[in-house]
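Colleague: This is the structure I want to talk about, given as structure tokens.
The values are calculated or read from the model by the stated rules, or taken from the named source; none is laboratory data. Only a predicted model underlies this, so the values are computations on that prediction, with no experimental measurement involved. Quick reminder, even Gly has a Cβ in these numbers, built from the backbone with ideal geometry, and neighbours come from all protein chains shown. Please note that ligands, DNA and RNA were not included when accessible areas were found on the heavy atoms of the full protein model with its side chains. Shrake-Rupley method; radii C 1.70, N 1.55, O 1.52, S 1.80 Å.
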Amino acid sequence: MFVSLSLSSLLTLFFIMLIASWLSGLLFLHPRVPLSFVRIHICILALPPLVSLFALVTTSVNDNVGPWHLDSLALLMVFFVLAIGLIIQRFSVRYLMGDRSYRKYFTLFTFITSAASIAWLSADLRLMILSWGVTLACLTLVIRLNSGWKVASEASKVSGRLFAFSWFSFLLAVIWLFHVTGQWQLSLALTNENLAQLGAWEKTGINLLIILAVIIPAGQWPFQRWLIESVVAPTPVSAIMHAGLVNAGGIMLARFSPLFNGDIASIVLLILASISVLIGTGISLVQVDYKRQLVGSTIGQMGFMLIQCALGAYIAAIIHLILHGLFKATLFLQAGSAVRRFEGPTRTNDRSSYFLIMAGRTLGLVVGAAFWLMAPSEGYQLISALILGWSLSVSWTQLVAFGEGRIGRVAGLSILGGAAFVYFIIHHLFYKWLHTTVIQSVQPPMSAIIIVVCLLLFGSAIGTYATRNRSSASFAVLYLWLVRLGEAKPKSVESHPNYLKQFLS
């Protein structure tokens, strides 16, 4: 009784703080409110994530309180989304100063993160679908704030159409699930008794609709266009997308995980995500625009996250989306300082560099094989081992093999070791929080997993061949194709912001 009362009190306090942040954002819209009020607004924004963090650390419960579902996953996602939003708005205080829509940015940022946090805290499917719709609508509005620039207006149209398609797909899945189970509450709709009422074709249809609703916000092939077009928005807008929006697939699929049993829907998700990994990685390698490089990287990383979900590794996917969201939001915020000075050619021809590169690849292979053999006997361990070994090999090459002199290589090795240590601590902490609330669903057949691994290895081999034969016609075809995929439509490209010229005249 005490725990229930404590949770109810914390939930009430949380929503009081959240409503205060809404009122603060709306008040800031009034032109008579001084711009200096934004610092008070930032202080108010800090209160809801603090309450959610306190609840996450001090309570361990998996229960419904009214229309809300309180467990470690919900509290962790609420804290993550609101904390990222707080950091981005604090960064925007000076970054967006002078913009004609300065006040609107902060209000929309506040409603984006608040609505997203409510969506992942909801136990009622109607509240979840409504909150998620508000989140997507606010994101569309913030992309088109600079509507005087036709490029931004066109980008918002592309995003809005795809977001509406995604939302209606989610809505149809929820209505279909309610029609069969008769339950609006998610935990009751996904009980074994209610799931037994679903026929095989009904479950597959609902799963495919949920997958469609997931891959569009994640910018997965063939719906990556909106994410590519959105780079015309200010970098804080690109950063806020990583606060539970582009990476919402991990949360949504984890919530609906009892529906997925390794059927055709999981195989479809595996294939689409694997193709997106290859396309996103290729776009990030051929683009010269820094933000488009980050967008390509996001497409690839979200593909990896959805592969983990398709294989039933939801805890790994949640950890991935949180760490990637923090890392990628930081990269977008520092995009303005990404202009590089002249760099000398990388020393890859001396024997020591080649020796260290081969040592890194061997180390990645050994670590990946060890993880594969020591991990629990679950279907996703093969993909996890491949990702771990590949990541370690790439990190070793960049930080150690290409280090400047002995001191640079020692420093790179120290950074790599420190990053690995921090990662394992974070992984242990998140697993402790989530292992009792996140269900590991059935994996797809091993044949599908082997096909995905072969597809990823084939893409890697094609990339290696192309880079070693840069004067060949095949390299030119592949390069130009990836450039075309990473470019916006002609309507969304303008060599010079002519609207500024018109505004000044």
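Colleague: Could you tell me the relative contact order of segment 69-228? Use alpha-carbon pairs under 8 Å, at least six residues apart, and round to a whole percent.
Modeller: On the way: 153 pairs, mean separation 30.4, N = 160.
Relative contact order of segment 69-228: 19 percent.
Colleague: Counting heavy atoms of the protein chains only and a 1.4 Å probe, report the per residue accessible area for segment 95-144 as a whole number of Å².
Modeller: 31
Colleague: Let me ask another. Which pairs, out of Lys157/Lys291; Lys150/Lys328; Lys150/Lys291; Lys291/Lys489, put more than 23 Å between their alpha-carbon atoms? Don't jump to the answer; show the numbers that get you there.
Modeller: Numbers: Lys157/Lys291 20 Å; Lys150/Lys328 27 Å; Lys150/Lys291 19 Å; Lys291/Lys489 16 Å.
Correct reply: Lys150/Lys328.
Colleague: Mind giving me the nanometre distance, one decimal, between the label points for Ile426 and Ala200, set 7 Å out from Cα along Cα→Cβ?
Modeller: 4.2
Colleague: Amide H to amide H, which residues 5 or more places from His69 or on other chains are under 5 Å from it, using H placed in the peptide plane?
Modeller: Those qualifying (amide H under 5 Å, at least 5 residues apart or on another chain) are Ser122, Ala123.
Colleague: In whole Hz, with x marking every Gly and Pro, tabulate ³J(HN,Hα) for segment 52-62 from phi via Karplus 6.51 cos²θ - 1.76 cosθ + 1.60, θ = phi - 60°.
Modeller: Using θ = phi - 60°, the values come out as 5, 5, 4, 5, 5, 7, 9, 10, 9, 9, 9 Hz.
Colleague: Provide the net charge surrounding Asn64, with neighbours chosen by a C-beta distance below 10 Å and charges set as Lys +1, Arg +1, Asp -1, Glu -1.
Modeller: Net of charged neighbours comes to -3.
Colleague: For segment 174-329, what's the relative contact order in percent, using C-alpha pairs closer than 8 Å and at least 6 residues apart?
Modeller: Relative contact order of segment 174-329: 24 percent.
Colleague: Could you give the length gained by full extension between Trp22 and Asp289, i.e. 0.36 nm per residue of separation minus their alpha carbon distance, to one decimal place?
Modeller: Numbers: separation 267, 0.36 × 267 = 96.12 nm, distance 3.54 nm.
Gain on extension, Trp22 to Asp289, equals 92.6 nm.
Colleague: Quick check: residue separation of Leu457 and Ser474 times 0.36 nm, minus the Cα distance between them. What number comes out in nm?
Modeller: Value of the extension gain: 4.3 nm.
Colleague: Something else: Quick one: check the C-alpha center-to-center distance for segment 99-169 versus segment 182-240, whole angstrom.
Modeller: Computed from Cα coordinates, the inter-centre distance equals 16 Å.
Colleague: A further question follows. Just read off the accessible area of Lys489 with the full protein assembly in place, 1.4 Å probe, to the nearest 10 Å².
Modeller: 70
Colleague: Expressed in nm to one decimal, what extension gain is obtained for the pair Leu35 and Phe15 from 0.36 nm per residue of sequence separation less their Cα-Cα distance?
Modeller: Additional length available on full extension: 4.6 nm.
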